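Report on the structure given below.
Nothing in this text is a laboratory measurement; each read-out follows from the coordinates by a stated rule. A quick note: this is a predicted structure, and the numbers were derived from the prediction, not measured. Cβ: placed from backbone, ideal geometry, glycine included. Neighbour counts: every protein chain shown.
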Amino acid sequence: MIEIIRVKDYETMSLYAARLVAAQVRLVPDSVLGLATGSTPLGMYRELVRQHREEGLDFSQVTTINLDEYCGLPGTHEQSYRYYMDSNFFSKINIDPDLTFIPDGMTTDIDACCEMYDELIDFLGGTDIQVLGVGENGHIAFNEPHDYCFTAQTHKAELTENTIEVNSRFFDDPAETPHFAISMGMRGIMSSKCILMLISGARKADAVYGLLRGEVTPRCPVSILQLHPNVKLIVTDDAFVKIKD
Ligand code: F6R
């Protein structure tokens with residue numbers, strides 16, 4: 001079941017998203033939050049930091065699990081997702097760093113790392129809220145489009161050319177953009193009690209169509225959310241243009 005919250009712009013989307021996450025943390029102080037990186041949730045993190053600083057929003061008991069990490073980048077690399085999370089969010093709130101989990105992009109044993117990540121998700125009982133962005137090609141986390149199957153487990157994902165090209169905008173030398181990532185699989189995402197899907201910008205209009213009107217198919221990974229009982233989609237008007245009722 002997908003509840004659609006249409007908003008006029010990115011700022012409004014970010015504000016709504018932050019309010020929902022903040023409400024979760026206020027109601028259940030030891031919540032488990034599933035978090036995403038990328039440009040989409042930056043405004044949400046900014047607002048959550050503001051609420052922490054100005055309204056005392058308390059993260060001291062919160063646990064976080066991130067969706068993914070690039071293979072081959074250490075947490076000190078400015079484009080690693082660990083660095084993104086530390087600099088944009090964790091260092092600005094009162095979270096316990098030991099309770100922030102992100103796959104280790106430098107692991108020498110990817111299979112064991114993926115297995116441990118799934119065990120961690122199970123141990124924590126899944127996330128209370130999973131924040132998601134979507135790729136232009138419909139990927140969620142780095143579950144890329146595939147001809148015939150969704151991947152359930154955390155896994156090493158080969159990024160598509162489109163994803164590499166889109167993500168290269170963040171790298172000084174675009175050729176340095178990693179081609180592989182460790183990504184949470186669909187089981188970890190779908191086991192969340194509530195999915196908070198954030199989509200803004202005209203370039204995401206096809207993904208919104210796939211999410212709301214397309215068939216459920218691994219060719220458009222985000223379409224799997226049609227099978228989740230509790231999805232809140234916060235979507236800007238410019239991303240909603242292909243939906244006609
Ligand atoms: C990030 C992630 C990706 C992004 C997606 C959209 O942790 O899992 O799936 O959510 O690539 O990225 P942006 O928000 O930069 O458009």
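Before moving on, here are some points about what is shown:
- Between amide H atoms placed 1.01 Å from N, distances below 5 Å from residue 7 occur with 235, 236, 237, all of them 5 or more places distant or on a separate chain.
- Spatial offset of the range 175-215 relative to the range 2-58 amounts to 18 Å, using the alpha carbon center of each.
- Hz values of 3J(HN,Hα) by residue in the range 106-123 - Karplus curve (6.51, -1.76, 1.60), Gly and Pro given as x: 9, 4, 9, 10, 4, 4, 5, 4, 5, 4, 5, 5, 5, 5, 4, 4, 5, 4
- Packing, taken as the mean count of other beta carbons within 10 Å per residue, orders the peptides 23-31, 222-230 from highest to lowest as 222-230, 23-31.
- Using a cutoff of 8 angstrom between alpha carbon atoms and counting only pairs six or more residues apart, the relative contact order for the chain works out to 26 percent.
- In sequence order, calculated HN-Hα J values of the range 150-161 (Karplus, 6.51, -1.76, 1.60; Hz; x Gly/Pro): 7, 9, 6, 8, 4, 7, 7, 10, 8, 6, 6, 4
- Within the range 102-198, antiparallel bridges make up roughly 60 percent of the DSSP beta bridges whose residues both belong there.
- Whole-Hz couplings from phi, Karplus 6.51/-1.76/1.60, listed for the range 124-132; x for Gly and Pro: 7, x, x, 8, 6, 9, 10, 7, 10
- Computed helical MRE - 222 nm, the chain, DSSP H runs ≥ 4 contributing -39500 (n - 2.57), nearest 500: -9000 deg cm²/dmol
- Sites listed here are GluC sites (Glu not before Pro) in the range 151-230 whose DSSP assignment is loop and whose Cβ has at most 14 other Cβ atoms within 10 Å: 215.
- Surrounding net charge for residue 162, when Lys and Arg each add one and Asp and Glu each subtract one, Cβ distance under 12 Å: -4
- Counted charge near residue 153, where neighbours are those whose Cβ lies closer than 12 Å (Asp, Glu -1; Lys, Arg +1): -3
- All-pairs alpha carbon distance profile, the chain, 5 Å steps from 0, percent: 1, 7, 14, 19, 21, 19, 13, 5, 1, 0, 0
- The range 193-245: C-alpha gyration tensor shape, a/c 1.5 cut-off, then a/b vs b/c: oblate
- Taking a straight Cα-Cα cut-off under 16 Å and skipping sequence neighbours fewer than 8 places away in the same chain, the lysines within cross-link reach of residue 242 are 8, 204.
- Computed from label points 7 Å out along Cα-Cβ, the spacing between residue 162 and residue 109 is 3.7 nm.
- Packing-based ranking, highest mean first, of 114-127, 38-51 given that Cβ atoms within 10 Å are counted: 38-51, 114-127
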